[in-house]
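Below you'll find the structure, written out as structure tokens, and then a few comments.
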Amino acid sequence: LWPVMSPAGNVLTRSYPMVTKEGDRTDHPHHVGIWLNYGDVNGLDFWNNSDAIPVERRSGYGSIFHKSIVKAESGKGQATLVTTADWKSPGDTLMIEEETTFNFIAEGTTRIIDRTTTLKAVIDEVKFTDNKEGMFAIRVARELELPSEKPTTLVDSHGVATKVEKMNNEFVKGNYRSADGVEGGEVWGTRCRWMKLSSEINGEPVSLVIIDNPSNVGYPTYWHARDYGLFAANTLGQK
């Protein structure tokens, strides 16, 4: 899902690589919007696959192909989107059939995206091996990142990537807080039932909260939540 916007119309997801926005980081081109993915399925990396992977290395990466929109309905303060997708090996073998239902709810200044995904194996064995690269994730806008002094590569208003030795954190005010009270970068790899990422964009206070459903395998989830703007719940990433 991209872009994801706040009640005031501010974009909460990173714009790169879909469109050019000055100041965006240019790392991890596979981090787009809100998604569900995994880094080791029968030894194939579905998570890190993108156009940036050289042809000679693509045999180690799986692909998820959008198949259809089964249903799209909207009403007052709510909407539903049902989609299907195919998880395939590099040799085009269908491994998993996916059906996902998104329920969208608007209540005052609160926005809820409730995702329910069913993955069905269509070959004899599909194994999700413990891997940090997963599973339900959002890559956030620069303003939602945690302030950082580390050098990085940013894109300018013309889309040109430039190495930056010292970051400008003027509008970067993000901070994580877990259900157990852990804050900042220390939340990475911890385990709890929900996580909040809060900041301010153009004067609008915003908080993104990911909540793990108690019926999920691995509940409460582990958090693959990074200071540079990757915010992911990984129920299978125990190691």
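Here, each number is a calculation from the coordinates, and none is a lab measurement. All of these numbers come straight from a predicted model, not from anything done at the bench. FYI the Cβ positions are ideal-geometry reconstructions off the backbone, even for glycines, and counts take in every protein chain you see.
Between C192 and V55, the distance separating the two model label sites (each 7 Å from Cα on the Cα→Cβ line) works out to 4.9 nm. Using the Cα coordinates of segment 87-154, the gyration tensor eigenvalues translate into equivalent-ellipsoid semi-axes of 31, 23, 10 Å, sorted from longest to shortest. Potential lengthening of the chain between V126 and E99 amounts to 8.1 nm, from the contour at 0.36 nm per residue minus the alpha-carbon distance. Considering only W87, T117, A52, the residue lying farthest towards the positive end of the dipole of segment 52-122 is A52, judged by Cα position with unit charges set on Cβ. Entry note, segment 137-196: relative contact order of 29 percent, from Cα contacts under 8 Å with a spacing of 6+ residues. If you look at the Cα atoms of segment 1-73, you get an Rg and a Dmax of 14.8, 45 Å. Each of T153, M167, F136 was scored by the projection of its Cα onto the charge dipole of segment 126-192, and the greatest displacement toward the positive side belongs to F136; charges sit on the C-beta of Lys, Arg, Asp and Glu.
Rounded to whole Å, give me the distance from the Cα center of segment 183-239 to that of segment 94-149. About 12 Å separates the Cα centre of segment 183-239 from the one of segment 94-149.
Convex hull of alpha carbon positions in segment 176-227: directionally averaged projected area 3.7 nm². Each Lys and Arg Cβ is given +1 and each Asp and Glu Cβ -1; about its Cα centre, segment 61-128 then shows a dipole of about 240 debye. Its relative contact order, with pairs defined as Cα atoms under 8 Å and 6+ residues apart, puts the chain at 19 percent. What size of dipole, in debye to the nearest 20, comes out for the chain about its Cα centre when the only charges are +1 on Lys and Arg C-beta atoms and -1 on Asp and Glu C-beta atoms? My answer is approximately 160 debye.
With a sphere of radius 15 Å drawn around the Cβ of T109, what net charge do the other residues whose Cβ falls strictly inside it have (Lys, Arg +1; Asp, Glu -1)? Around T109, the surrounding residues sum to -2. Seen from S199, the other residues with C-beta closer than 11 Å to its C-beta sum to a net charge of -1, counting Lys and Arg as +1 and Asp and Glu as -1.
Restricting attention to the chain, lysine pairs at least eight places apart or on different chains and with alpha-carbon atoms under 20 angstrom apart total 15. The H on the amide N of I201, modeled in the peptide plane, is under 5 Å from the matching H of V206, each at least 5 residues off or on a different chain.
At full extension, N169 and S68 could sit 32.3 nm farther apart than now, given 0.36 nm per residue minus the alpha carbon distance.
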